[in-house]
1. Express as a percent, rounded to the nearest 5, the fraction of DSSP beta bridges in chain A (both residues included) that run antiparallel.
2. With no solvent and one equal point scatterer placed on each C-alpha of the protein assembly as shown, evaluate the Debye formula and give log10 I(q)/I(0) for q = 0.15, 0.18 Å⁻¹, two decimals.
3. So, with +1 on the Cβ of K and R and -1 on the Cβ of D and E, and no other charges, what is the size of the charge dipole of chain A about its Cα centre, to the nearest 20 debye?
4. So if a site counts as exposed when it's one of the trypsin sites (Lys or Arg not before Pro), its DSSP state isn't H, G, I, E or B, and it has at most 11 other Cβ atoms within 10 Å, what's the longest stretch of chain A without one?
5. With labels modelled as points extended 7 Å from the Cα through the Cβ direction, what inter-label distance (nm, one decimal) is found for A:GLU26 paired with B:THR20?
6. Under 22 Å between alpha carbons: how many lysine pairs meet that in the protein assembly as shown, if sequence neighbours fewer than 8 apart on the same chain are excluded?
7. If I stretch the segment between B:THR86 and B:MET27 completely, what's the gain in nm (0.36 nm per residue apart, minus their alpha carbon distance), one decimal?
8. Long-range amide H contacts for A:SER53: which residues qualify at under 5 Å (H placed 1.01 Å from N, peptide plane, sequence gap of 5 or more or a different chain)?
Amino acid sequence: AQKVTQAQTEISVVEKEDVTLDCVYETRDTTYYLFWYKQPPSGELVFLIRRNSFDEQNEISGRYSWNFQKSTSSFNFTITASQVVDSAVYFCALSEAYGANSKLTFGKGITLSVRP
Amino acid sequence: NAGVTQTPKFRVLKTGQSMTLLCAQDMNHEYMYWYRQDPGMGLRLIHYSVGEGTTAKGEVPDGYNVSRLKKQNFLLGLESAAPSQTSVYFCASSYSGAGSLYEQYFGPGTRLTVT
């Protein structure tokens, strides 16, 4: 069975600090996909990134960066120079199969508060 | 292009009452999903559908039924609501793709309270 662990439940930082959100996953499959979603206070879920298990290159998008390490089964998310608008709940998710059995397993989420 | 919409946005039910939540998507997605979100639990999959006329159980299907009579709509039914079904319900949809899993697009959620 697949599992996603987000051990940090709440993080509070001051604006402009860097912050890393941890995600550890378990899967028996060799082909899988990892995702990050953001849920701001308004409640909607916003897709941030998708990464497949064969692509271990780190990715950077503006102030956001993701570090995927298969050796430690981790897919960590770093926000550089955090801003108040980054305050949200962040979910990491995993899908083992593709096609007809494609399902996401979500972690329990990390609540990030960025103080001015 | 409205994306994924959900009706209603809020609802209060009494124990034992029934209701149907409607999800609609205009992106021609094959796959649709229903999740519930509870504090500290993340999102848990209730039921999903990989195409018109097909449905399957997710992680927490008990007490819910679904139907996918049209490709663009996915209905979630509660036949006899219980307080344990108080939650925020999210619908999502995604493309299908051989050998690939695309990101899911989520609706705005329905906040349901069962008293």
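The numbers here are math on the coordinates, done by the rules we state, and not lab data. Keep in mind the model is a prediction, meaning the values are calculated, not measured. Virtual Cβ from ideal backbone geometry, glycine too; neighbours counted across all protein chains shown.
1. About 85 percent, rounded to the nearest 5.
2. Log10 of I(q)/I(0), two decimals: -1.02, -1.36.
3. 180
4. A:29-116
5. The modelled label-to-label distance comes out at 4.0 nm.
6. Eligible lysine pairs with Cα atoms under 22 Å apart amount to 19.
7. Numbers: separation 59, 0.36 × 59 = 21.24 nm, distance 2.92 nm.
Residue separation times 0.36 nm, minus the Cα-Cα distance, leaves 18.3 nm.
8. It is A:TYR32, by chain and number.
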